[in-house]
Amino acid sequence: QVQLVESGGGLVQAGGSLRLSCAASGSISRLNDMGWSRQAPGKQRELVARQTSGGSANYADFVKGRFTIFRDNAKNTVSLQMNSLKPEDTAVYYCYWKPTYGTSYYWGQGIQVTVSS
């Protein structure tokens with residue numbers, strides 16, 4: 001089992017920045033993926049960014065150039081630096097963890113990000 005605790009988020013004006021962080025604990029496999037998804041009211045959950053323990057990162061097109069994902073493997077944490085935020089970024093953001101060679105996903109409780117016009 002893996003437990004995830006998210007922090008950060010909140011309310012920010014358009015153009016502002018926020019940083020989300022997520023700490024994993026439990027049965028951590030050395031080779032793993034961590035990332036962030038989000039879900040806005042009335043919409044499907046969508047992947048925002050992910051990064052492997054080896055450092056390879058992927059971003060959704062709608063955040064490229066604005067968001068940066070980074071990890072601290074020694075601390076089993078992943079963070080998402082969100083810059084140039086837009087109102088359409090408003091959503092609940094969920095951290096996830098999965099072993100690279102497994103299919104099980106573990107999710108945090110979610111954290112609210114609200115961007116005002």
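The values are calculated or read from the model by the stated rules, or taken from the named source; none is laboratory data. Quantities reported herein were computed from a predicted structural model and do not represent experimental measurements. Cβ: placed from backbone, ideal geometry, glycine included. Neighbour counts: every protein chain shown. For the accessible areas, the whole protein counts, side chains as well, though only heavy atoms, and no ligand, DNA or RNA atoms are used. Shrake-Rupley method; radii C 1.70, N 1.55, O 1.52, S 1.80 Å.
Return a whole-number percent for the relative contact order of the chain, with Cα pairs under 8 Å and 6 or more residues apart as the contact set. Walk me through the numbers on the way to the answer.
Numbers: 289 pairs, mean separation 42.1, N = 117.
Rounded, it is 36 percent for the chain.
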Problem set entry | Reduced Cα scattering model of the chain, Debye log10 I(q)/I(0), q = 0.11, 0.14, 0.18 Å⁻¹ | -0.32, -0.52, -0.85
Seminar exercise, completed: To the nearest 20 debye, region 1-106 has a Cα-centred charge dipole, built from +1 on Lys and Arg Cβ and -1 on Asp and Glu Cβ, of 100 debye
Exercise. Per the Kirkwood definition applied to all pairs of different Cα atoms, how many angstroms is the hydrodynamic radius of region 17-84?
Worked result: 12.7 Å
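Per residue, how many Å² of accessible area does the chain show with a 1.4 Å probe?
Here the per-residue accessible area is 53 Å².
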Problem set entry | Accessible area (Å², 1.4 Å probe, nearest 10) - Arg19 | 130 Å²
Problem set entry | Centre separation in Å (Cα based) which lies between region 77-93 and region 6-28 | 8 Å
